[in-house]
Amino acid sequence: MHQGTLPRTLDTYRLLGRSGLRVSPLALGAATFGTEWGWGADEEESRRLFDLYVERGGNFVDTASTYTDGSSERLLGAFSRHRRESLVLATKYTTLRTPGDPNSGGPHRKNLFASVESSLRRLQTDYLDLLYLHVWDFTTPVEEVLRGLDDLVRQGKVLYVAMSNVPAWQVARMQAVAELRGWSPLVALQIEYSLIERTGERDLIPMAREMGLGVVPYSPLGGGLLTGKYGRADLADPDPGPGGSTRGRHNAALGMLTERNLAIADTLREVAAELGRTPAQVGLAWTLHNPAVTAPVIGARTTAQLADNLGALDVELEDTHLARLDAAGAIEPGLPHALLAGEPMRRATRGELTIQPRA
């Protein structure tokens with residue numbers, strides 16, 4: 001699962017999937033640009049976050065059409081205007097832009113084109129480097145989605161296309177259809193992935209490697225839980241009250257505050273203490289050791305948090321550290337993976353033969 005040589009700086013660029021696009025090994029998440037959701041950064045702090053990231057050599061910035069009700073794209077457009085060509089701007093479509101308007105959300109062609117035009121205006125640009133389908137909703141034929149994305153690429157409004165929050169079988173099907181019809185291939189897959197959310201290891205991540213998609217994990221620190229900011233007291237009273245953290249209430253509502261997850265955070269904190277690092281740095285470094293991962297998306301709210309996160313690129317994890325972290329957050333492989341990996345199936349398919357797997 002793990003790889004040896006890791007990037008040490010933001011300007012040690014990686015190729016995004018089976019494309020020639022060069023991106024930094026940590027992406028800056030702009031979902032914190034704006035205070036509309038209750039836990040973001042105001043305009044001045046957002047500007048400082050952006051400046052710190054690009055000054056360190058970062059070029060990969062991630063947003064979406066409805067992050068902070070549109071403020072994320074608007075602020076990012078203002079910040080990036082004078083250095084647009086040196087940046088890789090990624091945004092997403094499908095989430096509902098206008099409550100009450102059924103066609104202002106979803107992956108269909110009408111919303112795709114309207115959402116992209118809206119994003120282009122807010123980002124103050126005439127093209128998007130990377131466009132994700134944000135959330136699959138099982139209503140639109142894949143041919144309609146793929147043809148619409150390909151049309152935008154041919155028009156020059158989008159350079160690369162990708163998927164986020166889509167079942168593995170559907171992504172694999174779309175990649176096959178795109179290749180067969182000569183449409184723009186998918187180059188990336190954005191999924192939630194961290195020490196506490198590893199179910200993507202069953203199908204999504206192996207599928208991405210096979211189909212040529214770079215994995216771009218979001219919430220690589222488990223919504224902040226892996227930074228050590230939550231404890232056992234939060235299990236008893238996850239709602240901090242009117243003056244507490246809106247993000248904390250959000251995590252509690254998503255079911256992230258569990259004894260299992262806090263135990264994983266404990267192990268992470270122990271490894272971090274041994275290395276003289278922060279839990280956030282070690283948690284991010286763990287994701288970077290997965291050879292399928294191109295660039296985790298870091299969503300800092302302050303420059304201090306961002307600077308700490310960027311320190312993940314300097315973390316050296318030994319095999320013993322990786323083994324402890326892997327064991328702490330291990331998941332059951334489920335069917336058919338457990339069956340296929342078992343000794344009875346190995347004997348049934350290979351007998352006593354020794355067959356080396358493909359490198």
Residues satisfying the stated conditions in segment 46-103, i.e. among the aliphatic types (A, V, I, L, M), surrounded by fewer than 20 Cβ atoms within 10 Å (Cβ to Cβ) and in a helix (DSSP H, G or I): L52, V54, A78
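Is it true that some residue in segment 143-151 is open to solvent by 40 Å² or more (accessible area, probe 1.4 Å), under 16 Å from the mean Cα position of the chain (by Cα) and more than 26 Å from M256 (Cβ to Cβ)?
Scanning segment 143-151, I find no residue that is open to solvent by 40 Å² or more (accessible area, probe 1.4 Å), under 16 Å from the mean Cα position of the chain (by Cα) and more than 26 Å from M256 (Cβ to Cβ), so the answer is no.
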Criterion violated by S184 - all others in (1) under 21 Å from V88 (Cα atoms); (2) small (G, A, S); (3) more than 19 Å from the chain's Cα centre (by Cα); (4) open to solvent by less than 10 Å² (accessible area, probe 1.4 Å) satisfied: (4)
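Hey, among T5, T35, T9, which residue is modelled with pLDDT under 95 and among the hydroxyl-bearing types (S, T, Y)? Full working, then the answer.
Values: T35 fails: modelled with pLDDT under 95; T9 fails: modelled with pLDDT under 95.
The conditions single out T5.
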Candidates R324, R346, filtered to the one that is open to solvent by 50 Å² or more (accessible area, probe 1.4 Å) and farther than 30 Å from E270 by Cβ: R346
Residue check for P25: within 17 Å of V216 (Cβ to Cβ) and either in a loop (DSSP other than H, G, I, E, B) or open to solvent by 40 Å² or more (accessible area, probe 1.4 Å) (or both): yes
Breaking point among (1) open to solvent by 50 Å² or more (accessible area, probe 1.4 Å); (2) modelled with pLDDT of 95 or more; (3) not in a loop (DSSP other than H, G, I, E, B), for A272: (1)
Inter-residue pairs, beta-carbon under 6 Å, first more than 16 Å from E201 (Cα to Cα) and in segment 291-303, second open to solvent by 10 Å² or more (accessible area, probe 1.4 Å), 6+ apart: V297/Y218; I298/N309; G299/A31; A300/N309; T303/R48; T303/L52
Any hit, segment 127-138, residues being free of Cβ contacts under 8 Å to residues at least 40 places away in the same chain, surrounded by fewer than 18 Cβ atoms within 10 Å (Cβ to Cβ) and under 24 Å from G29 (Cβ atoms): yes
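The values are calculated or read from the model by the stated rules, or taken from the named source; none is laboratory data. Given the structure is predicted, the values throughout are model-derived calculations rather than measurements. Backbone-built Cβ (ideal geometry, glycine too); neighbour counts: all protein chains shown. Surface areas here come from the heavy atoms of the whole protein model, side chains and all, with no ligands, DNA or RNA. Shrake-Rupley method; radii C 1.70, N 1.55, O 1.52, S 1.80 Å.
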